[in-house]
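Structure first, then comments.
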Amino acid sequence: MISALKAFLRLESASGILLIAAALLALIVANSPLSYYYDLLLDTPVEIRIGALQIAKPLLLWINDGMMAVFFFIIGLELKREVLEGELASVQAIALPAFGAIGGMLVPALVYLLINSGDPVAIDGWAVPTATDIAFALAVLTLLGDRVPLALKTFLVSLAIFDDLGAIIIIALFYTGDISTISLIVAAVCIATLALLNRLHIYRLTPYMLVALVMWVAVLKSGVHATLAGVIVAMFIPLAREPESGRSPLKELEHDLHGLVAFAILPIFAFANSGLNVRNMGVEQLLHPVTIGVALGLFVGKQLGVFTFAWLAVRLGLAKLPARVNWSLIYGVALLCGVGFTMSLFIGSLAFESDGGARLFDERLGIIAASTLSAFCGYFWLKRALKQSNDQIAL
């Protein structure tokens, strides 16, 4: 279990560094003479047609609706494994990160709503600052070396899993379009088929993947966001080991896909969604309520929500601090939770996709500013806190 967690942390940390590089590259390209070709690439129409069935979207939406479905599929696999046999299998172990995640979603949303309550369009972005980017946050922790206790990394990973679960629920409830009854019926049949495959102890992955493909198309056409299909499919992949071969289909699939998601899908998503053209940016954009709401929600709301709710959980006897972890280290992690990036960008694209791009610029400016500030402040706070903590242990 410990070796698997360490391998996961190494993979996520390296992915975070690559994400930073992809985002910086997008910013450079979007503010250079190549910006025309950057926009042209993302607006390239891509169409698949089989008889009367047609899926036609620009490349950007294929990335956000298609490739990110695989990302959500991985989240679903990790969540199922962690709940059944991992760090989230014990109620005592999940209490502290669960409360921290709840506070880390509620307080940022309230901060954003207070600032944007008068704008009926901007208010749709209330969920943008509720997300944490685990890859970015772990990349910052990695820079601090072996001084970081494994229990602190586990706390951050567990909190981020609950955070992702919250984002999935928010997307399902609040960011759906016009509902197609026929498509939902097809999706329901797919879910029943997946449940039957699982019930019959089918361990081969091919039947699951074929049904998953049909389900993704059905959910895409239904008006419910297509990435949710990935999470639902993951819930039916068998975790138990096949009697003959001794392999776990879920763990095998998670292992095979994790590198693809970490080193291809997420960097591509970051490159496609981080290209802000700031050459003509003025004070109006910097002080726009959406920009301020997202930035303060992530940087101020996240740290207040995570730390306060974690403190209350311990104070009320509902949770306890992990070994070798003190409140100063918990606050440092709360600061890092303000790095929203990937999931915040994704939710922002759903909230403002019909706005014509004006508020998309504002929310992305707020995300990038707050994520950068949270990363720097979290790093330097933890560097100081770890030194003090290690000095006390040495004494």
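Quick note: the coordinates plus some simple rules give every number you see, no bench work behind them. What you see is a predicted model, and the numbers here were worked out from it, not measured in a lab. Reconstructed Cβ throughout: ideal geometry from the backbone, glycine too, with neighbour counts over all protein chains shown.
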If neighbour count is taken as other Cβ atoms inside 10 Å, put Ser222, Ser389, Ser371, Ser245 in order from fewest to most. Ser245, Ser389, Ser222, Ser371
Put one equal scatterer on each alpha carbon of segment 136-289, apply the Debye formula with no solvent term, and list log10 I(q)/I(0) at q = 0.10, 0.19, 0.21 1/Å to two decimals. -0.55, -1.31, -1.36
Please list the radius of gyration and Dmax for segment 288-369, considering alpha-carbon atoms only, with Å as the unit. 15.8, 50
Counting alpha carbon pairs within less than 8 Å and at least 6 residues apart, what relative contact order, in whole percent, applies to segment 92-231? 24
Computed lengthening from Leu205 to Ala188, 0.36 nm per intervening residue step minus Cα-Cα distance: 4.1 nm
Restricting to Cα pairs under 8 Å and 6 or more apart, the percent relative contact order of segment 44-127 works out to 13
Could you work out the per residue convex hull volume over the alpha carbons of segment 243-325, in cubic angstrom? 218
Pairwise FRET efficiency - Ser35 versus Val83, Cβ, R0 = 45 Å, nearest 0.05: 0.55
Longer than 23 Å from Cα to Cα, which of Lys302/Lys383; Lys153/Lys302; Lys153/Lys387; Lys80/Lys221; Lys57/Lys80 are they? Say none if no pair is. Lys80/Lys221; Lys57/Lys80
Using the basic label-point model (7 angstrom from Cα toward the beta carbon), what is the Leu239 to Ile169 distance in nanometres? 1.9
For the chain: relative contact order, % (alpha-carbon pairs under 8 angstrom, 6 or more apart): 28
Could you tell me the center-to-center distance, by alpha carbons, between segment 318-347 and segment 20-62 in angstrom? 33
Most fluctuating residue of Leu79, Leu321, Leu205 in a GNM of the chain with Cα springs under 10 Å: which is it? Leu205
State the Cα centre-to-centre distance between segment 215-273 and segment 125-149 in whole Å. 22
Taking the beta-carbon count within 10 Å as an exposure proxy, list Val283, Val231 from fewest neighbours to most. Val283, Val231
Label point distance in nm, Arg384-Ser117, each placed 7 Å from Cα along Cα→Cβ: 3.4
A chain fully extended from Leu106 to Leu321 at 0.36 nm per residue, minus the present Cα-Cα distance, gains in nm 75.2 nm
So which helices of the chain fit the span-like rule, where a helix is a whole DSSP H run, its Cα atoms reach 20 Å or more along the axis, and its mean Kyte-Doolittle is at least -1.0? 2-30, 68-85, 91-116, 150-174, 181-199, 205-222, 358-394
At a Förster radius of 30 Å, what calculated FRET efficiency corresponds to the Cβ-Cβ distance of Thr44 and Asn277, to the nearest 0.05? 0.95
